[in-house]
Every structure is written in structure tokens, then in C-alpha cells.
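First comes the structure, then the notes that go with it.
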Amino acid sequence: MSENTKSNNNQVSNTNSGQDTSVKVNRREFLFGLSASAGTLLLDKKIHFFIPPQQQTETVKALVIGTGFGGAIAALRLARAGVKTVVLERGIRWPITKAGDTFATTMKPDGRSAWLNPMTVTPAPPAQIPVFTGVLEGSDEDGIRVLAGAGVGGGSLVYNGIMIEPPQALFNNIFPQIDYQELTKMHFPTVRRMLNISKIPDDILADSRYTHARVELQQSMKAGFTSLIADSGIDWKIVRKEIKGKRVPSVIIGEGIYGNNSGAKNSVDRNYLAAAEASGMVDVRTLHVVTDISEAGQGYMVNVNIIDTSGKILNQKTFICQYLFLAAGSLNTSKLLVKAREKKTLPSLNDQVGLHWGNNGDGLFVRPTGQNTGAIQAGGIGTVTLDNSNSITPVGIVQVQKPFPDECQCVFNLGTGIPNPKGFFVYNPSTDSVKLTLPQEVNSVVQSAVSTTINAINQKNGLPTGPQMIDGRFTIHPLGGAVLGKACDMVGRLIGYKGLYVVDSSLIPGSVGAATPALTIAALAERAMSRIIAEDKIK
């Protein structure tokens with residue numbers, strides 16, 4: 001695909017991108033996680049895609065599947081090692097426009113908000129939208145809904161920007177074989193530098209839009225818990241411009257799950273991947289959906305559907321590579337590997353592939369505060385309450401933004417913990433598909449622990465206690481399926497194969513240790529690539 005064609009293919013016509021904060025939300029509906037009905041935005045029907053004739057088989061040195069944290073890091077490190085690399089991405093590019101209308105908004109979702117789905121995938125209730133290669137995939141698995149990013153930048157497009165180092169003791173319980181000090185001295189700092197990670201400046205924290213964060217900190221500390229402001233992969237200079245009206249409001253109105261229109265979020269397409277492409281060693285192919293992986297002599301064969309933005313298959317192609325790096329995210333990397341093992345296209349994969357999956361203990365809670373916290377609560381910040389002495393299991397509670405215009409005297413809390421990673425993947429030969437199953441009891445322990453901590457905070461502040469969970473059957477932090485020391489060695493090499501690697505969230509068995517996982521995923525990818533390139537002599 002030529003650069004001109006690639007550029008044309010990735011343009012999305014936005015005909016109604018304004019943020020309407022006048023829409024009212026019934027408080028009862030909001031408290032149960034419901035948003036106001038959003039109007040459907042029709043994408044420009046005049047967009048046409050021309051896929052020029054292509055060779056049906058292409059041979060490359062290294063192939064990376066996915067452009068999220070792991071894929072972008074793999075691409076840059078391979079480029080720096082002088083290795084010609086092709087990166088396959090199922091979605092499109094999402095360049096930030098001067099008009100500030102790249103992404104859909106929460107109050108006005110359209111086709112840009114969901115990956116090939118006629119309905120929005122979050123928040124409830126669903127709204128009908130045009131089918132498009134949108135930025136957020138919602139997969140309804142057996143027992144859980146998994147949310148994952150789609151597009152150049154992967155999960156970094158849709159995450160909140162929160163970057164937390166997991167507590168060392170909890171991380172060591174999960175990965176006793178990994179030197180935590182190596183992460184803190186080498187890999188966490190590298191990720192921090194590349195993503196420009198920093199804390200919210202005091203002047204922005206003092207703004208009325210962040211009242212909710214200050215209230216959360218005060219009430220958590222009054223209850224005797226360790227509470228802090230997490231670092232963020234947010235450009236706070238741009239947030240200041242939002243506040244001053246010099247950029248379209250996005251972070252300050254709680255946008256993030258569908259992307260950030262002001263350009264304040266430092267997603268990996270704008271740093272790691274941009275540097276990789278600038279090297280001239282990396283070629284990113286968009287709208288390429290990987291369907292199968294198999295052995296091919298001394299390397300690997302990867303079959304791909306080339307689609308348009310409605311999901312229609314326009315062409316099919318096969319890549320042959322010597323080195324293959326899987327970074328399609330926990331759900332999709334695991335499905336590709338389980339499918340390959342069961343179809344015996346990668347028959348030497350062991351029986352640990354597709355096991356040890358969990359959702360980081362994710363559960364969404366609403367906590368009453370007894371005071372105004374803002375009708376719309378700004379994002380880009382995560383106040384974190386740690387309760388490592390919880391009588392049930394350690395938990396970390398992260399406050400998340402609220403983009404709905406309704407003063408409810410409450411905050412949203414995302415509870416995280418250390419679930420038993422009992423999720424597993426099963427291949428169905430009749431449909432040639434793979435399904436994830438998560439037993440019902442897996443999350444109940446963590447959710448009970450989070451409720452205990454929230455009730456303790458409320459009790460110490462003279463606030464109501466009781467059930468406050470909105471949703472406990474979802475995750476935005478899918479982890480596992482190709483775990484270190486199980487399916488892979490302690491670096492990311494798939495056991496039974498040479499030149500076949502995993503560098504994404506599949507490596508982690510369900511939790512990083514009561515913290516959001518983005519920083520750990522990226523650091524483990526940096527660790528993996530530094531060792532793989534040196535020890536496997538990739539050049």
C-alpha cells in the first residue's frame with residue numbers, strides 16, 4: 001500500500017464533533033452507569049478506499065502484530081537494532097486535528113467510538129451507530145465483557161493515562177523470578193521518558209474541574225489510608241490550554257475512553273511508533289487483520305485480511321517472517337495462539353497457552369462524597385487509594401473521570417486487586433473461533449475487598465455505607481493467556497519455538513499487583529526487547 005493511499009485510507013470525515021454539555025442525565029440512571037441517549041453521527045458516505053494490486057505473499061525479516069504499548073516498543077527497539085520490520089494494525093490512524101475533532105465524544109458517540117459494531121460498547125445504554133473501524137472494541141466473552149483499543153496506538157488511545165508502579169511486595173508475589181530493581185532502575189524510567197509521564201501540576205489540581213480529586217484524597221487520608229496522585233502520560237501544558245480555551249476541551253471534560261481530541265494524551269503512536277517510523281526501518285500497515293499463524297520453514301507464516309473501514313474484506317495476503325512478535329493485546333494474542341495450537345499450525349505450543357487469564361480485579365463503583373464534586377469531572381488524573389492490609393486481599397482504588405453533566409455528589413472508583421487468574425480460552429472448530437471463559441467466582445473476592453475499603457472510607461467520613469458497585473463483569477485491563485514462566489520463558493519467548501515472541505499484556509497472570517497495568521506492560525516489553533535483541537542476536 002503506497003503512502004498516499006495509506007494516508008487517504010486513514011482519513012475520517014467528522015460532520016458533528018462538538019461537545020454538547022447541556023444534555024441532562026437523570027441522577028438515578030447515572031448512578032447505575034447509564035448515560036443519556038446519544039444522537040447517531042453518520043460518517044461521510046463518500047469515503048472510498050482503493051486497494052492497489054498487491055503481491056499475495058511478502059517476506060519480511062521481522063513482523064509485529066499490534067501497535068499498542070508492546071507493539072510500539074518492539075517496533076522501535078527493532079528499528080534501533082537495524083532490523084527491517086513490518087507492523088500490522090487492524091485499525092486506522094487517529095491523527096490529532098487542529099479542529100480537535102479526531103475522536104467521537106462520550107455524549108455524542110458515533111462510528112468512531114466502536115470497532116465494527118452497530119452499537120456503542122460503553123457506557124450503557126447502547127446507542128445505534130454506523131459500523132466503522134472505531135477506536136474501542138467490546139468483546140462479549142463467557143462471563144465478562146472485554147474492552148480493548150483498536151487503531152494505531154492500540155490501548156494507549158483509550159486508556160486514562162494513569163501510570164502506576166505496582167507495590168514491590170505485591171509484584172514480587174506474582175513474579176518472584178523478575179528483578180523488580182531492574183524495572184525501577186532501567187525500564188520504568190525509559191517508559192516515563194518516552195511517554196513524558198508526570199504528576200498533575202499544583203495549579204491544575206487546584207482548578208475547580210479537579211475538585212473531585214481533591215475530595216477523594218482528603219476523604220481517603222482522613223480514613224487512614226495511603227492515598228496519592230498517580231503519574232500520568234498527559235501533556236499538562238495542553239491541559240492548561242484547554243482550561244484557557246486555546247484547545248478544544250477534552251481532558252477537562254472527562255473524555256478519554258474514545259480518545260483525547262486536544263492531543264494531551266501521550267499515546268504511543270506519537271512517540272515510540274513515530275520514532276520507529278521516522279527511522280525508515282519500520283512500515284506500519286493499517287486495516288490488516290491477522291487471521292492465522294503457522295510454521296513456515298525456519299520462520300512463520302501470517303495470514304491477513306485487508307479490510308476497509310466497514311470491515312469488508314478487500315484482499316487477503318500472507319507474510320513470511322523470520323521473527324514474529326505478538327502484541328495484539330491479551331485477548332487477541334491469546335486467541336491467535338490457542339487457535340494455532342489447536343489447528344496444529346503451531347503444534348509445539350504448550351498446554352499453558354490460553355490459561356492464567358484475569359481482569360486485574362476490575363470493578364466499577366460509585367462512592368457518595370456528601371459534597372459537590374463537579375457535574376463533569378476532569379480526567380488525566382488518578383487518585384490512588386492503597387489498602388494492602390485489607391483483611392480479604394490487597395486492593396488499589398483508582399478514581400476515574402466522569403464526563404456526564406450531572407452533579408451527583410459522588411466519585412467513580414475503579415477497584416483493582418489480585419484475582420485468581422482462572423480465565424481460559426477454548427477453540428471451537430465448527431466456527432474456527434476462540435472464546436474466553438471467566439468463572440463467576442473469580443472477581444467476587446476482589447470486589448468484596450474493594451467494597452470493604454470504600455465502606456471504611458465512608459464510615460470515617462460520616463457517609464452512607466453499603467453496596468456501591470455499578471459493574472463487576474467487565475475489564476479494561478485484560479491480562480494473561482501467554483504468561484511468563486508458563487507459556488513463555490521469563491522474557492517472552494514462546495516455549496517450543498525459536499523467533500516467536502509475546503510482548504504485550506498476555507505475559508501477565510491476571511494482575512500486576514493491585515495497580516493499573518499500563519506502566520508495567522510497557523516496562524516488561526522494554527525488558528523483553530532488550531534481552532531478545534541482545535541474546536537472540538537479532539539483526
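The values are calculated or read from the model by the stated rules, or taken from the named source; none is laboratory data. It should be emphasised that the depicted structure is a prediction, and the values quoted were computed from it without experimental measurement. Don't worry about glycine lacking a Cβ; one is built from the backbone with ideal geometry, like all the others, and counts go over all protein chains shown. Keep in mind that these areas ignore ligands, DNA and RNA; they rest on the heavy atoms of the full protein, side chains included. Shrake-Rupley method; radii C 1.70, N 1.55, O 1.52, S 1.80 Å.
Structure data summary
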quantity: Selection from 85, 128, 74, by position along the positive dipole direction of region 72-168 (Cβ); calculated: 85
quantity: Net length gained if the chain between residue 372 and residue 295 were fully extended (0.36 nm per residue, minus Cα distance); calculated: 21.8 nm
quantity: Relative contact order %, region 325-439, counting alpha carbon pairs below 8 Å whose residues are six or more apart; calculated: 31
quantity: Over 26 Å between alpha carbons, listed pairs 185/339; 339/486; 244/460; calculated: 185/339; 244/460
quantity: Solvent-accessible heavy-atom area per residue, rounded to whole Å², over the chain at 1.4 Å; calculated: 37
quantity: For the chain, calculated [θ]222 nm from helices alone, where every DSSP H run of n ≥ 4 adds -39500 (n - 2.57); calculated: -6500 deg cm²/dmol
quantity: Rounded to the nearest 10 Å², the accessible area of residue 236 at probe 1.4 Å; calculated: 10
quantity: Accessible area of the chain belonging to carbon and sulfur atoms, whole % at 1.4 Å probe; calculated: 51
quantity: The chain: relative contact order in percent, alpha carbon pairs under 8 Å with at least 6 residues between; calculated: 20
quantity: Above-threshold pairs, the threshold being 23 Å between Cα atoms, out of 108/265; 241/265; 61/435; 498/537; calculated: 61/435
quantity: Lys, Arg +1 and Asp, Glu -1 on Cβ, resulting dipole of region 223-298 about Cα centre, debye, nearest 20; calculated: 700
quantity: Option label - semi-axes √(5λ) of the Cα gyration tensor in Å computed here, alternatives [x] 55, 31, 23; [y] 41, 23, 22; [z] 35, 27, 21; calculated: [z]
quantity: Computed P(r) (all Cα pairs; region 339-412; 10 Å bins; percent); calculated: 15, 30, 20, 15, 15, 5
